[in-house]
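The values are calculated or read from the model by the stated rules, or taken from the named source; none is laboratory data. Owing to the predicted nature of the structure, the values given are computational and were not obtained by experimental measurement. Here the Cβ positions follow ideal geometry from the backbone for every residue, glycine too, while neighbour counts run over all protein chains shown. The area values use the complete protein model at the heavy-atom level, side chains included, leaving out ligands, DNA and RNA. Shrake-Rupley method; radii C 1.70, N 1.55, O 1.52, S 1.80 Å.
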Amino acid sequence: MGFEKFGKEGYVSQTKITPMLSYLKKNQLPATVCQKCKRTWFPPRADCPNCKSNITEWTTIDGTCRLVTFTEVHFAPPQFQSDTPYFLGVAELKGGFRVFAPISGKISRDMLKPGRQMVLRPTTPTADHTYYLLEEL
Amino acid sequence: MGKVAIIGVGHSKFGKRSDASLRELAFEAYRAALGDAEIESKTIDASLVCSATHYDKQRSPAGVINEYLGLNPKPTFNVEAACASSAVGLRTASALISSKLHDIVAVVGVQKMTELPNEEIQELMGRAGDVMWESPFGTTMPAYYAMYATAHMSRYGTTEEDMARVSVKNRAYGAKNPDAMFQKPILLEDVLNSRMVSYPLKLFDCCANADGAACLIVANGEKARKLSDSPVWVAGLGLASSPMSLAGRNGPLTSFEVSKKAARTAYAMARIRPEDVDVAEVHDSFSITEILNYEDLGFAKPGRGAKLLKDHETELGGKTPVNVDGGLIAKGHPVGATGASQIATLVHQIRGEAGKSQVDGAKVGLAQNIGGIGMYGCVTVLKA
Ligand SMILES: [Zn+2]
């Protein structure tokens, strides 16, 4: 399947890191590892900007994280308008990786604060969509 | 860099300009700038057309605009850096002039946004961020800036009321600017009671899409002295980039690294410090942005931006008057025209022609323009 299945509404269908989707479907958080400098990249990338090498090695990472910031979207692009209001957040995982992800609607806004411990979990709500989202620990 | 000056500026009325096409808006600003410089088209060597071209129905708009201005066969091309397009246009013109490739260049910032159906505008807005990693979750322009607001509120105790003060100040100045989209002052309660767009930003915390154009006539030192009694000198040019993805940026997300970096470069080049700035135009795409800008430009210490506002230090009569033409919040934000509009305001200020919004004895002006969601930062210093 193409990468347009990543997220709620994907825009990019063709990429070298499409294998990411099969990890998410197995409930794993995938990252890539540069064979040359051994650096791990999340979100995964196919090219190491340090070594200029092509990356083909995959690994998985831990979803424990801290919220950096968030917003609650009330006015959305047309294809998302029926989901409003919804949360978006940035969180920092172990190893310093940062992620931009939706935050579970089960949390109330008062509970969200920068610095709060959360967990990034893979989710596959439909056969056509797989991604990750931030949930309560 | 060789000596470069602005010898003429022109500005169209900003707003919902259903009376004019893209090329006609460009013409309004160009004609005004030529009149201001007291020159004819034959004196212009090249035009730089600055717009975020994804808003334009016309593909490669420099082609049609250069034609409509009557400038063929002189060189023309588009400059695009989202909301900072025409600030980067001034930088590009300065480089072309400095390198002696051209003597006099017209920088034409223009945008036509209100003609697009709302659906299309919202769809475009949804792709303002990284389309691979962030847009698939329903991002918007306000959402990105709202996330900076949340972080700043949490770290420094900045409040929604603090942010509302920016909109109240800028709308009050907009009421004195005949080219502004919004000419009516608003109250703190109006901002606080306006509908939520992306928490914590409400409708009146946000600038509006608009149509409009602004034009700068830029010349080398020799021509500027010959053609103008009051050239305004380009003294400092700073431009920096940040990752486009928000997750790619470091730190607590309470400041824009692009602004800090661009400001350092521009201050060093102009040999000034933040306290030397007499009047500033900053990128208030959202109320929170102006507060962050105070801190990033060194007008206030980190976390103290809101205090500066409360102490009225960025109003006329204060330490550093900011956005006394109304800013993006009152003028509207025709993306490609905004950078040149800021520069035009500073030129009027430095020449002492800013009327009711004149800052007494303004000699040093600073313009700060952020592109998109903070991936481009442009700071320009002008001197008398
Ligand atoms: Zn490497």
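Being at the interface with chain A (Cβ under 8 Å from one of its Cβ atoms) and open to solvent by 10 Å² or more (accessible area, probe 1.4 Å): is that true of B:GLU119 here?
For B:GLU119, the condition - at the interface with chain A (Cβ under 8 Å from one of its Cβ atoms) and open to solvent by 10 Å² or more (accessible area, probe 1.4 Å) - is met.
Return the residues of segment B:173-231 that are under 23 Å from B:THR114 (Cβ atoms), assigned to a loop (DSSP other than H, G, I, E, B) and among the charged types (D, E, K, R); say none if nothing qualifies.
The answer is B:ASP179, B:LYS184, B:ARG195.
Please go through (1) free of Cβ contacts under 8 Å to residues at least 24 places away in the same chain; (2) crowded, with 24+ Cβ neighbours inside 10 Å for B:ALA262 and return the number of the only condition it doesn't satisfy.
Going through the list (1) free of Cβ contacts under 8 Å to residues at least 24 places away in the same chain; (2) crowded, with 24+ Cβ neighbours inside 10 Å, B:ALA262 breaks only (1).
For segment A:35-53, what are the residues that are under 18 Å from B:GLY248 (Cα atoms) and open to solvent by 50 Å² or more (accessible area, probe 1.4 Å)?
Selection gives A:ARG39, A:ARG45, A:ASP47, A:PRO49, A:ASN50.
Enumerate the pairs (first residue in segment B:31-51 and open to solvent by 20 Å² or more (accessible area, probe 1.4 Å); second residue anywhere and outside any strand (DSSP E or B)) with beta-carbon separation below 6 Å, excluding pairs fewer than 6 apart on the same chain, so at least 6 apart or on different chains.
So the pair list comes out as B:SER41/B:GLY70; B:ASP45/B:HIS102; B:ASP45/B:ASP103.
Exactly one condition in (1) in contact (Cβ under 8 Å) with a residue 12 or more places away in the chain; (2) open to solvent by 30 Å² or more (accessible area, probe 1.4 Å) is not met by A:VAL119; state its number.
It fails just one condition, (2).
Looking at B:LYS319, B:LYS301, B:LYS310, B:LYS331 in this structure, which one is basic (Lys, Arg) and touching a Ser or Thr at 6+ places or on another chain (Cβ under 9 Å)?
Of B:LYS319, B:LYS301, B:LYS310, B:LYS331, the one residue that is basic (Lys, Arg) and touching a Ser or Thr at 6+ places or on another chain (Cβ under 9 Å) is B:LYS331.
Filter segment A:1-22 down to residues that are more than 12 Å from chain B (Cβ to nearest Cβ) and open to solvent by 50 Å² or more (accessible area, probe 1.4 Å) and give me whichever is farthest from the ligand (Cβ to nearest atom).
Filtering segment A:1-22 for residues that are more than 12 Å from chain B (Cβ to nearest Cβ) and open to solvent by 50 Å² or more (accessible area, probe 1.4 Å), the one farthest from the ligand (Cβ to nearest atom) comes out as A:MET1.
Which of the residues that make up segment B:160-174 are closer than 16 Å to B:TYR294 by Cβ and open to solvent by 60 Å² or more (accessible area, probe 1.4 Å)?
Once the filter is applied, which keeps residues that are closer than 16 Å to B:TYR294 by Cβ and open to solvent by 60 Å² or more (accessible area, probe 1.4 Å), segment B:160-174 yields only B:ARG165.
Which one of A:SER13, A:SER22 is modelled with pLDDT of 95 or more, touching an Asp or Glu at 6+ places or on another chain (Cβ under 6 Å) and not in a strand (DSSP E or B)?
A:SER13
Taking segment B:284-323 as the search range and keeping residues that are outside any helix (DSSP H, G or I), among the charged types (D, E, K, R) and farther than 16 Å from B:THR254 by Cβ, which one is farthest from the chain's Cα centre (by Cα)?
The extreme case among them is B:ASP311.
Looking only at segment A:88-116, how many residues end up being open to solvent by less than 20 Å² (accessible area, probe 1.4 Å), touching a residue at least 24 places away in the same chain (Cβ under 8 Å), part of a strand (DSSP E or B) and at the interface with chain B (Cβ under 9 Å from one of its Cβ atoms)?
Within segment A:88-116, residues that are open to solvent by less than 20 Å² (accessible area, probe 1.4 Å), touching a residue at least 24 places away in the same chain (Cβ under 8 Å), part of a strand (DSSP E or B) and at the interface with chain B (Cβ under 9 Å from one of its Cβ atoms) number 5.
If only one of A:THR56, A:THR32, A:THR64, A:THR60 is buried (at least 18 other Cβ atoms within 10 Å of the Cβ) and either within 13 Å of the chain's Cα centre (by Cα) or within 16 Å of the ligand (Cβ to nearest atom) (or both), which one is it? Can you show your working first?
Values: A:THR56 fails: buried (at least 18 other Cβ atoms within 10 Å of the Cβ); A:THR64 fails: buried (at least 18 other Cβ atoms within 10 Å of the Cβ); A:THR60 fails: buried (at least 18 other Cβ atoms within 10 Å of the Cβ).
Of A:THR56, A:THR32, A:THR64, A:THR60, the one residue that is buried (at least 18 other Cβ atoms within 10 Å of the Cβ) and either within 13 Å of the chain's Cα centre (by Cα) or within 16 Å of the ligand (Cβ to nearest atom) (or both) is A:THR32.
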